[in-house]
Amino acid sequence: MAAASSGEQPGPPDAPEPEDFVYGEDEFVLQGVAWPGAAPSRFDRALLGAWQDRMARGLFRYRLGELPTRVLPGAMGLVAQLNPQRATERRPPQAIRSLTQPFDPRQFNFTRIRPGEVLLRLRRRTGGDPPPLDRVLVAINVSPLERGHVLLLPEPALGLPQALTPQLLRFGLEAVLLSAQPGFRVGFNSLGASASVNHLHLHAFYLAHPLRVESAPAEPLLPERGLALLRDVPAPALLFYAAGADLRGLAEAVCGLAGGLAARGLAYNAFATRGAPPAGGAAAPGLRVLLWPRRPSFEPEPEAGAVPAAALCELAGYLPLPAAAAFRALSEAEALRALRRPLLPEPELRRLAAELLPPPGTAGRRPDT
């Protein structure tokens, strides 16, 4: 999944400020969110209303209608969707050469988006001094995958590289809880794991289909640290779960592990969604955050082919496809081979979890002692 914007020049200095969307924890939708979805929340109405307005005003690279969609036969319930225009119309990805590549203001970045591409400015209602990051911009992805496909951006002028931070992830998790729709998801691609712009951002989008990663049971891995191993899914992942609104701790735990992966030369993808507790079952009012450690790849993205990419959406079981032939013929077995190819084997996942998130009081011990 590539981030995109059609603008290549900064907006005028007198561009109007985006509308503030001020919220507090009292607006988190913690109960009653189930398929096929409830009435839209205030957040859903604001985001989707502004998104549809920008589509009507022609600010996207193409008009997005209802996309052909099918669930592939098989146990994983992979959701394939045909979207050829995204492959042909999106801006080419940047050349990424390392996990620690610094932000380069000469390359495309989000200071260059047109003012009309910004929909909202999320502002957390706080008491006392504001935290270091108390707002994020919500901007359209001008080459959208699905309706409501947006980017969550910390202040673009900061020039932050694409390395996930607890502050930004917490905003993403809060956005999931502000939505009353079970199909609203948030995710992240690191450098070396399909990120196409080296400027800090999250993706968020609506998809009107449940995914297996939201209900499949997980094996407890480090219960003291809230970590489990999600195995019986399209792409096995490390799983964090939160039942309530303690999102700061969840974001810090996820980013702590992600930072440890990066320090070891590994890339990663992350995906946040509503879902069941790790024991599995019907969807519950909790949050699942999946993390996929992987070997980094700095090769140019291949031309659109017969198998899906392995970015955040695809790893979660949502497969945007550019070619009609692949959309019609792709099998679950073919898709799973492509998705799992860049990922680490399960024994390595277990070892990394033990070394990077040891149980309290065991820091420095060998994982097999």
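The values are calculated or read from the model by the stated rules, or taken from the named source; none is laboratory data. As the structure is a computational prediction, the values presented were derived from the model and not from experiment. Cβ: placed from backbone, ideal geometry, glycine included. Neighbour counts: every protein chain shown. Remember, those area values only see protein heavy atoms, side chains included, never the ligands or the DNA or RNA. Shrake-Rupley method; radii C 1.70, N 1.55, O 1.52, S 1.80 Å.
For residue 100 and residue 232, the FRET efficiency from 1/(1 + (r/R0)^6), where r spans their Cβ atoms and R0 equals 41 Å, is about 0.75. Here the extension length gained between residue 224 and residue 252 equals 8.6 nm, from 0.36 nm per residue of separation less the Cα-Cα distance. For the peptides 203-211, 143-151, 322-330, 72-80, the ranking by packing is 143-151, 203-211, 72-80, 322-330, with the highest mean count of neighbouring Cβ atoms within 10 Å listed first. Expressed per residue, the C-alpha convex hull volume of the stretch 75-176 stands at 174 Å³. The modelled label-to-label distance for the pair residue 88/residue 325, using points 7 Å beyond Cα in the direction of Cβ, is 1.6 nm.
Using the empirical formula 2.2 N^0.38 Å as the baseline, the Cα radius of gyration of the stretch 94-241 reaches a ratio of 1.13.
For the stretch 142-208, the Kirkwood hydrodynamic radius comes to 12.5 Å, computed from all pairs of different C-alpha atoms.
In this simple spin-label approximation, residue 123 and residue 295 carry label points 7 Å from Cα along the Cα→Cβ vector, and these lie 4.8 nm apart. Taking every DSSP helix (H) stretch of at least 4 residues in the chain, weighting each as -39,500 (n - 2.57) and dividing the sum by the residue count yields a mean residue ellipticity at 222 nm of -6500 deg cm²/dmol. Loop-located GluC sites (Glu not before Pro) in the stretch 25-67 (DSSP state other than H, G, I, E, B) with a sparse environment of at most 15 neighbouring Cβ atoms within 10 Å: 66.
Computed over the chain, relative contact order equals 21 percent, with contacts defined as Cα pairs under 8 Å that lie 6+ residues apart. Residues of the stretch 172-188 falling in the label zone of residue 42, defined by backbone nitrogen less than 14 Å from a point 7 Å along Cα to beta-carbon, are 178-180. In this structure the chain gives 42 Å² per residue of accessible area when probed at 1.4 Å with all protein chains present.
As a ratio to 2.2 N^0.38 Å, the alpha-carbon radius of gyration computed for the chain takes the value 0.93.
Looking only at the stretch 316-331, which residues have a backbone nitrogen under 16 Å from a spot 7 Å from the Cα of residue 71 in the C-beta direction? 317-319, by backbone N distance to the label point.
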